[in-house]
Amino acid sequence: MANIAGAITTSHVPAIGTAIARGLQQDPYWRSFFDAFQGAHDWLQEVHPDVVVVFYNDHGLNFFLDKMPTFAVGAASEYRYADEGWGIPAMFPPFPGDTQLSWHLIESLVHDEFDLTTCQEMQVDHAFAVPMALLWPGVTSWPVRTVPIAINTVQHPLPSAVRCFKLGQAVGRAIEAFPQDLQVVILGTGGLSHQLEGTRAGFINKEFDLMCMDKLVSDPTALTRYSNTQLVDLAGSQGVELLMWIAARGALTGRVTSVHSNYHIPISNTAAGLMVMENRRIGMQSQRHIEVASA
Ligand code: DHB
Ligand code: FE
């Protein structure tokens with residue numbers, strides 16, 4: 001059966017992609033940010049995943065404001081990075097898919113009453129590609145297969161935090177019911193606090209971010225009590241990308257411990273967070289039974 005080794009959550013700022021393209025990892029502005037990924041590299045080497053299931057938000061590449069699925073799951077054999085105008089060169093090798101796991105997740109999620117958009121062709125943007133490049137730097141082919149799950153955080157109305165947590169829980173259940181012996185890592189990208197536009201452009205809320213990083217491990221349902229209006233107020237209009245971290249945490253079905261974390265202000269306009277959380281199976285006491293109030 002498939003096993004969920006844990007989850008990594010990280011910011012996905014496009015400027016990271018241009019820094020990688022220019023080889024600026026040891027530049028004074030970037031060094032401590034990039035160096036903090038060593039803890040994630042060490043852990044990935046230990047758990048050696050076959051597949052990464054990636055919760056991220058599409059910023060307008062596959063879906064634009066006129067057609068915006070709340071949840072979209074990739075079911076392609078390959079996902080290519082496409083330029084969205086942030087100046088990141090198309091330097092990433094194609095991301096291999098896992099169509100069997102994709103369709104298993106889709107069937108299970110629809111059975112669990114998540115009405116999805118299924119994408120047999122899908123391009124990926126910085127929110128998917130930049131975190132992958134941070135986790136596996138410099139590869140010429142990816143050592144893992146991928147399943148992208150896009151959550152709308154661009155066009156209102158957005159799914160609630162509790163709904164995203166429940167989506168994560170349903171993904172976790174589905175992975176653990178997948179009959180292949182796969183080692184799976186969950187990746188959630190976005191956040192932490194940031195706002196790109198308007199009078200609050202550049203807004204960062206360190207206290208709130210650090211509280212979220214703490215609660216994500218110890219008491220994730222505390223985070224599901226925030227409305228999206230509250231999240232925008234507390235974390236900025238794009239800080240609502242925290243929903244991807246909440247979904248990723250929902251997929252962890254066992255006892256969760258923090259292996260590594262880092263908080264770095266700022267990268268571009270964003271408070272950049274990184275967390276590596278390990279998931280240990282605890283049999284019947286599995287956290288997948290956490291009940292969360294309906295939104
Ligand atoms: C930035 C952050 C994002 O999450 C994003 O999608 C685009 C830009 C930034 O801080 O520049
Ligand atoms: Fe973003």
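Here, each number is a calculation from the coordinates, and none is a lab measurement. Everything quoted here is computed from the prediction, not taken from an experiment. As a convention, Cβ positions derive from the backbone with ideal geometry for all residues, glycine included, and neighbour counts pool all protein chains shown.
Listing for the model above:
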item	result
Residues whose placed amide H lies under 5 Å from that of T146, excluding near-sequence neighbours	V52, G97, D98
Spacing of the two label points (7 Å from each Cα toward its C-beta) at E113 and D66, in nm	3.4
Straight-distance crosslink candidates among lysines, where the alpha carbon sits under 21 Å from K67 and sequence neighbours closer than 8 are dropped	none
Translational D in µm²/s for segment 173-214 (Stokes-Einstein at 20 °C, 1.002 mPa s, Kirkwood Rh from C-alpha pairs)	157
Positive-end residue of L61, F37, G87, charge dipole of segment 1-103 with Cβ unit charges	G87
Reachable aspartates and glutamates, given that their alpha-carbon falls under 14 Å from the alpha-carbon of K206 and they are not under 8 places away in the same chain	D214, D233
Estimated D of segment 152-295 in µm² per second, where Rh is the Kirkwood radius over Cα pairs and Stokes-Einstein applies at 37 °C, 0.692 mPa s	211
Length-normalised contact order of the chain in % [C-alpha pairs under 8 Å, at least 6 apart]	30
Karplus-derived 3J(HN,Hα), 6.51/-1.76/1.60, for each residue of segment 92-103, Hz, glycine and proline x	8, x, x, 8, x, x, 9, 5, 5, 5, 4, 5
Convex hull (Cα only) mean projected area of segment 1-102, reported in nm² to one decimal	8.2
Hull volume in cubic angstrom per residue (convex hull over the Cα atoms of the chain)	118
Values of log10 I(q)/I(0), in the order q = 0.13, 0.21 Å⁻¹, for segment 97-187 under a Debye, Cα-only, solvent-free model	-0.50, -1.28
With 10 Å bins from 0: P(r) over segment 160-232, alpha-carbon pairs, percent	15, 41, 28, 12, 3, 0
Of L274, L196, L234, the one that fluctuates the most in a GNM where the chain has Cα springs shorter than 10 Å	L196
Residue-wise HN-Hα coupling along segment 22-28, computed from phi with Karplus coefficients 6.51, -1.76, 1.60 (Hz; x: Gly, Pro)	8, x, 8, 4, 9, 5, x
Point-charge dipole on Cβ atoms (K/R +1, D/E -1) for the chain, about Cα centre, debye to 20	440
